[in-house]
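**Student:** Below is the structure I would like to discuss, written out as C-alpha cells.
The values are calculated or read from the model by the stated rules, or taken from the named source; none is laboratory data. Just so we're clear, the structure is a prediction, and the values are computed from it rather than from any experiment. Note that each Cβ is placed from the backbone with ideal geometry, even for glycine, and that neighbours are counted across all protein chains shown. Note: areas computed on protein heavy atoms with side chains; ligands, DNA, RNA excluded. Shrake-Rupley method; radii C 1.70, N 1.55, O 1.52, S 1.80 Å.
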Amino acid sequence: MPSFVNRRDLLKFGSMAAIGMGLRLPSLGMGNEEGILRNYGAADGLINLSSNENPYGISPKAREALLAALGEAHRYQYNHTNLKDFKKQLAAHYGVNEEQVLVTAGSGEALGLLPRHFNKGKLVTANPTFGILPATAKMLGQKVVEVPLTIDQKHDLPAMLKEVDDDTSLVYICNPANPSSTIVSPASLKNFCIEASKKAYVGVDEAYVDFLDAPDNESMLQLIERHPKVFVIGTFSKIHAMAGLRIGWVIGHASLIKPLAENYFIRTQMAMSALSMSAALASLKDPGWQKLSKEKNAAARDYTYHALKAMKIDVVKSYTNFLFFPIPNYKGDFAADMLQKNIFLRSSNYINGKWARASVGTMDEMKQFIEVMKQVQV
Ligand SMILES: Cc1ncc(COP(=O)(O)O)c(C=O)c1O
C-alpha cells in the first residue's frame, strides 16, 4: 500500500480489499477494509467523518511537549524523569490513586484485552454498541448477550439488568453511546452500575464523556471505591485529539487493576510511548484547549443536526462528536456512494434498521457535508 493515495486509488483499493477479503463495502468500517480506508482520509479533498476524531488537533502545549520529548526519543520512557510519575499524575487528575490506574495504548487496547480476562461467563452489552470488546469476546468463543437499544436509541438499562445473572462475567456499557450518540442520565446509570455489579463486573466506556455539559457529565469513576466491580475505560483520543498517539486507561478498584496489570498487560507498561505520554500530560494541563474543542464541536454539531432535521432526516439528538441518523429508504450503498462524493462516513444495517453515522468535523466540513446530503435521497 503506498503511503499516500488519492481518492480514486482509495476507492479502488478499498473495493479490491473488500472483494479480496470476501467483505462487502457498505459499512466502510464494520469489516477489515476499515483499516485500509481510514488512514487516507485527507487525500484529495476527502472529508473524513468516519472515525469520530477531533478535527482541531492537539493542544499547542502538547505539541511543544512532543517536540521537547523528541530530543529524548532514544531513551526508554522510564528514563524520562518527567514521565516517571505519569501514572501518578493521571491518577491525581482523576482523583484516584496510582494502584487504581492502568495505562494502555489507546482504550482500544484495553477493550481488546478485557475479554481475555473476563472469559469465564457471558458478556452483557447493547446492540448496536462500540465493537472492539464484544467482537473480541465473540472471537474468543464467549457468549455475548446483546440487548437492543430503546426506540429512542438509548441503552435499555432495565432490559440489560435483567440479563445480568451469576453467570455474567462482564457488562460493557458505553456512555455516551457509540454509534447512537445518546446518553442515559447519571442517576440511572449509577443505579444500574450498583445493581449490576452485585453480580458481575461493569465496565463503563466514557470515551466521549468530556463532550457533555453539567449535569450530564458525571463520570462513574465516583463508584469505583465503594463498588469494586465497577470500572471506567477512558481515552485521550477524543477531547484531547490524540487518536494517533494511542493513550488510554482503565481506572478501577486496585483489586481489579492489579490482576489485569499482572496477567494481561506488560507489567512495566513499556508499551507506552514516551512521546505520547509527554503530550498527554501537557494536554491535561490545558483545559482551555479542551474547552475550545468542545465548543467548536457543539456549534458544528448543532448546525448539522438542525440542517438534517430541516431535510426531514430523523437524526438522533447527539451528546457526542458524531451524529446518527436513519436512512431507511436508501436503496444503494450509502457509505460507498457518499465516498464517491468525497464524504467518508459509516453506514450499516443494525437490528434497528439502516443507519448512518457521521463524525462532527469542522463547521466548513459540515457545511460541505450538508450540501452533499441535499443531493442524495435518504
Ligand atoms: C466508545 C469508544 N471507546 C473506545 C474507542 C477507542 O478509542 P482509542 O482506542 O483511540 O482510545 C472509541 C473510538 O472511536 C470509541 O468510540
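**Student:** Residues that are within 16 Å of the ligand (Cβ to nearest atom) and open to solvent by 20 Å² or more (accessible area, probe 1.4 Å): does region 247-260 have at least one?
**Tutor:** Checked against the condition, which is being within 16 Å of the ligand (Cβ to nearest atom) and open to solvent by 20 Å² or more (accessible area, probe 1.4 Å), region 247-260 yields no hits at all.
**Student:** Give Phe211, Phe192 a once-over and let me know the one that is farther than 21 Å from Leu90 by Cβ, assigned by TED's automatic domain parsing to the domain that holds His117 and among the aromatic types (Phe, Trp, Tyr).
**Tutor:** Among Phe211, Phe192, only Phe192 is farther than 21 Å from Leu90 by Cβ, assigned by TED's automatic domain parsing to the domain that holds His117 and among the aromatic types (Phe, Trp, Tyr).
**Student:** Can you find even one residue in region 112-131 that is at positive phi and within 16 Å of the ligand (Cβ to nearest atom)?
**Tutor:** Scanning region 112-131, I find no residue that is at positive phi and within 16 Å of the ligand (Cβ to nearest atom), so the answer is no.
**Student:** Do you know which of the residues in region 155-178 that are of a type in the set (A, V, I, L, M) and assigned to a strand (DSSP E or B) is surrounded by the fewest Cβ atoms within 10 Å (Cβ to Cβ)?
**Tutor:** Among residues in region 155-178 that are of a type in the set (A, V, I, L, M) and assigned to a strand (DSSP E or B), the one surrounded by the fewest Cβ atoms within 10 Å (Cβ to Cβ) is Ile173.
**Student:** I need the full set of residues from region 334-369 which are open to solvent by 20 Å² or more (accessible area, probe 1.4 Å), of a type in the set (Ser, Thr, Tyr) and farther than 16 Å from Asn127 by Cα, in order please.
**Tutor:** Thr362
**Student:** Just checking, how many residues over region 49-101 are within 16 Å of the ligand (Cβ to nearest atom) and under 18 Å from Ala274 (Cβ atoms)?
**Tutor:** Adding up the residues that qualify gives 4.
**Student:** Oh, and also: Of the numbered conditions (1) open to solvent by less than 30 Å² (accessible area, probe 1.4 Å); (2) over 25 Å from Ala300 (Cα atoms); (3) modelled with pLDDT under 80; (4) within 16 Å of the ligand (Cβ to nearest atom), Thr104 satisfies every one except a single condition; which is it?
**Tutor:** The one condition Thr104 does not meet is (3).
**Student:** For Leu123, are the conditions met, namely being over 30 Å from Asp314 (Cα atoms), open to solvent by less than 10 Å² (accessible area, probe 1.4 Å) and in contact (Cβ under 8 Å) with a residue 60 or more places away in the chain?
**Tutor:** Taking the combined requirement at face value, the residue does not satisfy it.
**Student:** So which of Ser219, Ser181 ends up being open to solvent by 10 Å² or more (accessible area, probe 1.4 Å), polar (S, T, N, Q) and in contact with a strand residue (DSSP E or B) (Cβ under 8 Å, 6 or more places away or on another chain)?
**Tutor:** Ser219
**Student:** Hey, another quick one. Got at least one residue in region 312-333 being among the polar types (S, T, N, Q), at pLDDT below 95, open to solvent by 50 Å² or more (accessible area, probe 1.4 Å) and closer than 21 Å to Gly112 by Cα?
**Tutor:** no
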